[in-house]
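Only one structure is covered here, and it is reproduced in the block below.
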Amino acid sequence: MAKNESSVGLLLASPPADLELNQWLHRELRAAILDRRLKPGARLPSTRQLARQYQISRGTVTTAFEQLRDEGYLEGQIGSGTYVAKDIPDGLLQARGMAGISKRTAHSRATLSSRGERISSTSLAIKPVTHAGRAFRAYHPALDVFPLHLWSRMVARRSRQSSRILLAGGEPAGYRPLREALAGYLGSMRGVKCSQEQVVIVSGIQQALDIVARLVLDPGDAVWMENPGYIGASAALRAAGGEMVPIPVDKNGLNVRTGVNSCPQARLAYVTPAHQFPLGVVLSLERRLALLNWANEARAWIFEDDYDSEYRYSGRPFPALQGLDQSGSVIYAGSFNKMLFPSLRLGYLVLPPRLVEPFVAARSIVDRYPPVLDQAVVCDFMVEGYFGQHIRRMREIYAERRLALIDAARSELQGLLRVDDLPAGLHTNGWFECGISDRQATAAASAAEIEVMSLSSFGVGRRVPNGLMLGFATVNPAATKAAVTRLAKVLENLKRNL
């Protein structure tokens, strides 16, 4: 016999409940070929025989055979005999999954691009969240008081009422009703001058920075970066090829004069003027005007990260720098991830008119458009008044939690850590009054299940701050004192060992 007749007795694993039968049969027959249980040239049983043997429909067998033939594993025609292909590459026949591949063969000789190397060397480690309310996590809002039941009802309602048009796709610039709602909100609450045509929805500040950097920076272009400043911004801008120029921050914010003297030709300045991250200071009016004047004369861009300015506990929030811009130099960015919840992954940009079309074109390439249903729910949340209510309620809650932390720190951390009385944001800062290293303190606190961040990790150069960032939003007042006491014990142990 020219052909090997083995196969009618071929034993296949039972089909799992979560896999369609044709997919199961395709997988099992492919595995039998790769494992050489079915050798090249072997004749397979007829579709009728396999269907009878495994009590499945003949159409299911036919579909699996056709897919395997299209992939090159089988040859011949149904009805005249189906055979295992003779010319399957030996390397494919030896496949056993990644567990069976040696280290030598697992590593391709292909290399990363220069940009790929920059990205991989500047990426930010994201740890899985295992506890939503741990003290003193700096970046998170108070999820314990988020109106989850209301949000769930709005998600369910929007899902029930969604039209097919809403499900079919979206615009690269984002859901138009949400952009309209944002334009009105930002104009009245943040002093931003814009139309809805200038508003673009993004997944957050990181995506905004990534796309903006691709559009306005060439490799080697200089970027003014606040020092200390947000490391997520510097990572994104460095990944695009930007050369970071650290500009010192003092009690009046970014020192614009130093920037002009040291690097007047920079193409971009990244700033957090309403609430500088991480020091919490406000960029003075004099420096705002100086920054805008420099950008206009240098034909440079300003990226204004307005990440949590809604949360100010004395007086009204400071208006956006963008509202003073006369030359169209400011790219204004904000996010729902701190105002609502982090996993929402929705933010927004207000772009100068001449940057709108290029940005939308770039956005269409990166990920087409943001998730439409999430945008629609946020839009409902805003236009029905719940967003404003939520911000006002959270401002009261955060003011209470902020005072609880400051009071506990004054009684428990004397001689160890001097805690600032910052009037805004979701965190405050503590400065060491002894010789403890903030990075050493961060590691020791983590071992005691306390989350703090070293301020020195946000600085560049020799004169970096030595202190801790302490988030207060995630900890209710009743638990704050106990958490501060635990932190005090950690710091006392470190102080004794100096």
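Laboratory data are not the source of any read-out in this text; all were calculated from the coordinates shown. Here the structure is a predicted model, which is why all the values come from computation and not from measurement. Reconstructed Cβ throughout: ideal geometry from the backbone, glycine too, with neighbour counts over all protein chains shown.
Find the all-direction average of the projected area of the Cα convex hull for the range 21-93, expressing the result in square nanometres with one decimal place.
Values: hull surface 17.1 nm².
Projected over every direction and averaged, the Cα hull of the range 21-93 covers 4.3 nm².
Mean silhouette area of the range 148-387, derived from the convex hull of its C-alpha atoms and averaged over all directions, reads 12.7 nm².
Under a Cβ-only charge scheme (Lys and Arg +1, Asp and Glu -1), can you give me the dipole magnitude of the range 324-428 about the Cα centre, in debye to the nearest 20? Working shown, then result.
Values: 12 positive and 12 negative charges, 23 e Å.
Magnitude of the dipole: close to 100 debye.
What is the percent of Cα-Cα separations in the chain that go past 42 Å?
For the chain, the fraction of Cα-Cα distances above 42 Å is 38 percent.
Based on the Cβ-Cβ distance of Asn497 and Leu143, what FRET efficiency does E = 1/(1 + (r/R0)^6) give at R0 = 45 Å, to the nearest 0.05? My answer for the efficiency is 0.80. 3J(HN,Hα) along the range 244-251, derived from phi through the Karplus expression 6.51 cos²θ - 1.76 cosθ + 1.60 where θ = phi - 60°, amounts to 6, 10, x, 10, x, 10, 10, 5 Hz, with x in place of Gly and Pro.
Taking amide H atoms as placed 1.01 Å from N in the peptide plane, the amide H of Leu268 lies under 5 Å from those of Trp224, Trp301, each 5 or more residues away in sequence or on another chain.
Placing a pseudo-label 7 Å from each Cα along the Cα-to-Cβ vector at Val464 and Arg27 gives an inter-label distance of 4.8 nm. Averaging the Cα positions of each part gives two centres, and for the range 297-321 and the range 458-498 these lie 27 Å apart. Once the C-beta distance of Lys489 and Ser152 is scaled by a Förster radius of 41 Å, the resulting FRET efficiency is 0.55 to the nearest 0.05. Here Gln49 and Ser114 are evaluated by their C-beta separation; at R0 = 51 Å the FRET efficiency comes out at 0.35. Here Lys86 is the anchor, and the aspartates and glutamates within straight C-alpha reach of less than 15 Å, apart from those fewer than 8 places off in the same chain, are Glu5, Asp35, Asp70, Glu71, Glu75.
Neighbour counts of other C-beta atoms within 10 Å: give me Met394, Met225 arranged from fewest to most.
Working: Met394 21, Met225 27.
If I rank by nearby Cβ atoms, fewest first, I get Met394, Met225.
Taking amide H positions as modeled 1.01 Å from N, with prolines and chain starts lacking one, the residues under 5 Å from Leu417 and 5 or more places away or on another chain are Glu433. Exposure proxy ranking for Trp24, Trp224, Trp431, based on other Cβ atoms within 10 angstrom of each Cβ and starting from the fewest, stands as Trp431, Trp24, Trp224.
Taking Cα atoms, how many degrees apart are the long axis of helix 21-34 and the longest axis of the chain, rounded to 10 and kept between 0 and 90? It works out to around 80 degrees. Sorted into 5 angstrom bins from 0, the C-alpha pair distances of the range 389-496 split as 2, 13, 23, 25, 18, 11, 6, 2, 1, 0 percent.
If I stretch the segment between Arg37 and Arg368 completely, what's the gain in nm (0.36 nm per residue apart, minus their alpha carbon distance), one decimal? Display every interim value, and only then the final one.
Details: separation 331, 0.36 × 331 = 119.16 nm, distance 4.49 nm.
The Arg37-Arg368 span can extend by a further 114.7 nm.
The string of couplings for the range 362-367 from the Karplus curve (6.51, -1.76, 1.60, θ = phi - 60°) is 5, 4, 5, 7, 5, 8 Hz, one whole number per residue in order, with x for Gly and Pro.
Exposed loop sites are taken as trypsin sites (Lys or Arg not before Pro) in a DSSP loop (any state but H, G, I, E or B) with at most 12 other beta carbon atoms within 10 Å; the longest stretch of the chain without one runs 110-250. Close amide-amide hydrogen proximity is noted between Val202 and Gly347, Tyr348, Leu349, each under 5 Å apart and 5 or more residues distant or on a separate chain (H modeled in the peptide plane; Pro and chain starts excluded).
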